[in-house]
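Take a look at the structure set out below.
The values are calculated or read from the model by the stated rules, or taken from the named source; none is laboratory data. The shown structure was predicted, so the numbers you read here are calculated from the model rather than taken from an experiment. Neighbour counts are summed over all protein chains in view; Cβ atoms, including those assigned to glycine, are modelled from backbone coordinates with ideal geometry. Surface areas here come from the heavy atoms of the whole protein model, side chains and all, with no ligands, DNA or RNA. Shrake-Rupley method; radii C 1.70, N 1.55, O 1.52, S 1.80 Å.
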Amino acid sequence: MLKVVVLVSGGGTNLQAIIDAVNAGTITNTEVVGVISNNKNAYALERASKAGIPSLCISPKDFASRAEFNQALLDAVNDFGADLIVLAGFLVVIPEMVIEAYRNRIINIHPSLIPAFCGTGFYGLKVHEAALEKGVKVVGATVHFVDEGTDTGAIILQKAVEVQQGDTPEVLQRRVMEQAEWKILPRAIDLIANGKVKVIDNKVVIK
Ligand code: GRF
């Protein structure tokens, strides 16, 4: 059983997609053992509690230094016994000590087709605003491993979504979630849980 800890900051629709997929059996061999939010008001925490999943709030604001926050986050994922950390809309930069301890065991969902519209400053609605501003006709989402860079780790899965005439950033964001994020994030977890994802020369090979 792959023990998964999901890190969230907001609404938690990706967390919900994971919970639903575990319950439906489309993610196999997996248990969501904990949810960690940096925001105590995140609706994601309510989703965790409804699903009977233990949750914690760990915010940089509650620590005297960043180093103490980093240690608390690492201790929490260790205490949950995590095999895999899933960043599902987590808006805090992952400390290097966590990346080192969980090399190729942290994945993130990003709402664009990396390398488009990614890196520092590209999060949430800003990604979709930039895509509409550029006038691209196809957008999408990416699940990737987390390394020390921003959105630079090995790509696991991507799915394309068409832009439609008259899209607003909000409408496009919702379509990318429904058609891409909620599908490829659970799928990536299932592949990892079943030993099908290998990283070779910093690229993912799916067996
Ligand atoms: C998603 O768009 C995700 O790609 C991004 O943050 C958003 C999180 O949404 N990184 P939710 O909290 O899962 O509803």
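Pairs to check: Lys126/Lys159; Lys134/Lys159; Lys40/Lys159; Lys137/Lys198; Lys159/Lys198. Give those whose C-alpha atoms are more than 21 Å from each other in this structure.
Lys40/Lys159; Lys137/Lys198
If Lys and Arg each add +1 and Asp and Glu each add -1, what is the summed charge of the other residues whose beta carbon sits under 15 Å from the beta carbon of Lys137?
Counting the neighbours of Lys137, the net charge comes to -1.
From the gyration tensor of the Cα coordinates in the stretch 70-152, what semi-axes in whole Å does the equivalent ellipsoid have, largest first, with each one equal to sqrt(5λ)?
Value: 28, 11, 10 Å, ordered largest first.
Calculate how many DSSP beta bridges within the chain are antiparallel, expressed in % of all such bridges and rounded to the nearest 5. If you can, show how the numbers build up before the last one.
Working: 15 of 32 bridges.
Given both bridge residues lie in the chain, the antiparallel proportion sits at roughly 45 percent.
Mind checking which aspartates and glutamates have their Cα closer than 18 Å to the Cα of Lys50? Skip sequence neighbours fewer than 8 apart in that chain.
Here the aspartates and glutamates satisfying the reach criterion relative to Lys50 are Asp20, Glu31.
Which of the trypsin sites (Lys or Arg not before Pro) found in the stretch 97-149 are in a DSSP loop and have at most 10 neighbouring Cβ atoms, other than their own, within 10 Å?
Values: sites: Arg103, Arg105, Lys126, Lys134, Lys137; in loops: Arg103, Arg105, Lys137.
When the trypsin sites (Lys or Arg not before Pro) of the stretch 97-149 are filtered for loop state and at most 10 Cβ neighbours within 10 Å, Lys137 remain.
How large is the accessible surface per residue of the chain, computed with a 1.4 Å probe and reported in Å² as a whole number?
Accessible area per residue, the chain: 48 Å².
Residues with beta-carbon under 13 Å from that of Val146, excluding Val146: net charge, scoring Lys, Arg +1 and Asp, Glu -1?
Residues near Val146 contribute -3 overall.
What do you get when you divide the Cα radius of gyration of the stretch 2-197 by 2.2 N^0.38 Å, with N the number of residues?
0.98
Could you calculate the contour length gain from Ile206 to Lys61, that is, 0.36 nm times the residue separation minus the distance between their Cα atoms, to one decimal place in nm?
Length gained between Ile206 and Lys61: 48.3 nm.
At what distance in nm do the modelled label points of Val138 and Lys126 sit from each other, each positioned 7 Å from its Cα along Cα→Cβ?
2.7
Which distance in nm do the two modelled labels at Glu46 and Asn194 give, with both placed 7 Å along the Cα-to-Cβ direction?
For Glu46 paired with Asn194, the spin-label model returns 3.4 nm.
Net charge near Val161, counting Lys/Arg +1 and Asp/Glu -1 over other residues with Cβ under 12 Å of its Cβ?
Within the 12 Å Cβ shell, the charges total +1.
If you roll a 1.4 angstrom probe over the protein chains with everything in place, what fraction of the accessible area of the chain belongs to carbon and sulfur, to the nearest %?
Carbon and sulfur atoms account for 51 percent of the accessible area of the chain.
How far apart, in nm, are two points set 7 Å out from the Cα along the Cα-to-Cβ line at Ala160 and at Glu178?
Each label point is offset 7 Å from its Cα along the Cβ direction, giving 2.1 nm.
Select from the stretch 112-207 those GluC sites (Glu not before Pro) which occupy a DSSP coil region and have at most 16 other Cβ atoms within 10 Å, ordered by residue number. Please report the intermediate quantities before stating the final value.
On the way: sites: Glu129, Glu133, Glu148, Glu162, Glu170, Glu178, Glu181; in loops: Glu148.
Qualifying residues, ordered by number: Glu148.
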